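Each remark here refers to the structure printed beneath this line.
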Amino acid sequence: MEMSCLWTRRLLLGANSVLLVKHPAIAFSTFAATRSIQPPPLISLFSSRRRSLSTTTAACSPPLHPHSDIGNGAVNAAAAAAIPLESPKMLLKGMSYTELEKWVQSYGFRPGQAMMLWKRLYGNGIWAHHVDELQGLNKDFVKMLGEHAKFKALSLENILTASDGTRKILFRLDDGLVIETVVIPCDRGRTTVCVSSQVGCAMNCQFCFTGRMGLKRHLSTAEIVEQAVFAQRLLTNEVGPFTNVVFMGMGEPLQNIDSVIKAADIMVHDQGLHFSPRKVTVSTSGLVPQLKRFLHESNCALAVSLNATTDEVRNWIMPINRKYNLGLLLQTLREELGLKNSYKVLFEYVMLEGVNDSDDDAYRLIDLVQGIPCKINLIQFNPHCGSQFRPTSTEKMIKFRNILAEAKCVVFMRYSKGDDQMAACGQLGKPGAIQTPLIRVPEQFKMAVNA
């Protein structure tokens, strides 16, 4: 058989086009043209039979799909040789609408098909998990999705229901790790889903159970978005429509800012989940550079976990303050919010008995937030295994609130929801045998904690 026949191979150049080539150099050049790769010198392909065969493997590998996760055109011949003939399925909920539209078009289908798919993923009460749930779509399009698309990023592990109706959903990820999502119904017709952004958390806030885990990994955009989608699919018939999303589950959202901003954008898309941007709230412990980026790139609401009125206390209970202290954090907010119209930041203040709940703390808090358009949530501390702290009494919380209100601060009290199932604020996660160490308690607070 002639050598040229040995190299006959079909190369897929697109959804509907096929080219037959009979020469390894031509094959590689055709492949390289689709990936912006420089072909190797012709002599390198024929210097020996062994090298010819190995190079041809790379040359005749099918081109990467334009929206695959492997590379961005910077693939060399050695990497191309390792690419499997079947590319992994595309996880649909990891794409923005624009990306989904381009992906659909890359298979030869109209942009309108992308919108119809988007609505079945996120709207119309369908929240599709499988191609069988895509009624009304073009049959060829559905077939393509069955072959090339993946619908689910999470699998359901368990649902725990607290006495007040709060649900804690345990989701298992593809790598076996587990995350927690909380659904909080309210008598006033509001239902909030609290989503996680990481497995564990690196911030080591001393009052937070999740911080004991340390950080395992970031969640992908799809893993974040699917928490809201899957929760609605599971519970809408029981608790009614979901109205709010808060990024206040496991993890520090702004440490995973790329995935979080993209997930929030998907959630507010007017043809999909269609949450109001002001009802999607992203919380942070105070990562200043990422906070500035979030305010520039997202229209969603921002919450800042403050929890102390002095650097001394905040350095202890929130170690991130040692890098971005109160002065820097609050001045950044003054400057950034001065550039936005009708925008208020939400300050979260977890009240810890004998640590941050004195009258002096209340008066200092009034001074700290001067010049910052804001609301303040006073949050009841939720005890957990190994906790050093005790919750402030309701009477003392009311007094603290009244001091703030008299100074014309907008302030609310938030009581525990779901604490009997470890579903309340600061209770999520499951630390293993090895836990993040606690920070030494400052001398003046040892009487206030169970140290």
Please give the number of the condition residue 135 fails out of (1) in a loop (DSSP other than H, G, I, E, B); (2) within 30 Å of residue 419 (Cβ to Cβ); (3) out of contact with any Lys or Arg (no Cβ under 8 Å at 6 or more places or on another chain); (4) open to solvent by 50 Å² or more (accessible area, probe 1.4 Å). (2)
Determine if region 115-122 includes at least one residue that is touching an Asp or Glu at 6+ places or on another chain (Cβ under 9 Å) and farther than 25 Å from residue 219 by Cα. yes
What number goes with the only condition from (1) within 28 Å of residue 229 (Cβ to Cβ); (2) in a loop (DSSP other than H, G, I, E, B); (3) open to solvent by 20 Å² or more (accessible area, probe 1.4 Å); (4) modelled with pLDDT of 50 or more that residue 68 does not pass? (4)
In region 271-297, anything of a type in the set (Ser, Thr, Tyr) and closer than 22 Å to residue 369 by Cβ is listed as 281, 283, 284, 285
Taking the condition of being touching a Gly at 6+ places or on another chain (Cβ under 8 Å), open to solvent by less than 20 Å² (accessible area, probe 1.4 Å) and part of a strand (DSSP E or B), how many residues in region 186-226 meet it? 5
Taking the conditions exactly as written (open to solvent by 90 Å² or more (accessible area, probe 1.4 Å) and either within 19 Å of residue 389 (Cα to Cα) or not in a loop (DSSP other than H, G, I, E, B) (or both)), does residue 435 satisfy them or not? yes
Subset of region 138-178, residues part of a strand (DSSP E or B), of a type in the set (A, V, I, L, M, F, W, C) and within 21 Å of the chain's Cα centre (by Cα), comes to 149, 156, 159, 169, 170, 171, 178
On the given criteria, is residue 267 under 22 Å from residue 180 (Cβ atoms), at pLDDT 95 or above and part of a loop (DSSP other than H, G, I, E, B)? no
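Given the criterion farther than 23 Å from residue 202 by Cα and free of Cβ contacts under 8 Å to residues at least 40 places away in the same chain, identify the matching residue among 338, 327.
Details: 327 fails: farther than 23 Å from residue 202 by Cα.
Matching residue, one of 338, 327: 338.
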Pairs where the first residue, in region 186-197, is without any contact (Cβ under 8 Å) to a residue 24 or more places away in the chain and the second is open to solvent by 10 Å² or more (accessible area, probe 1.4 Å), C-beta under 8 Å, 6+ apart: 186/192
For residue 346, indicate whether it is open to solvent by 10 Å² or more (accessible area, probe 1.4 Å), farther than 23 Å from residue 246 by Cβ and either hydrophobic (A, V, I, L, M, F, W, C) or not in a helix (DSSP H, G or I) (or both). no
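The values are calculated or read from the model by the stated rules, or taken from the named source; none is laboratory data. All figures in this text were calculated on a predicted structure; none of them were measured in a lab. Note: ideal-geometry Cβ built from the backbone for every residue, glycine included; neighbour counts use all protein chains shown. The accessibility values were calculated without ligands, DNA or RNA, using every heavy atom of the protein model including side chains. Shrake-Rupley method; radii C 1.70, N 1.55, O 1.52, S 1.80 Å.
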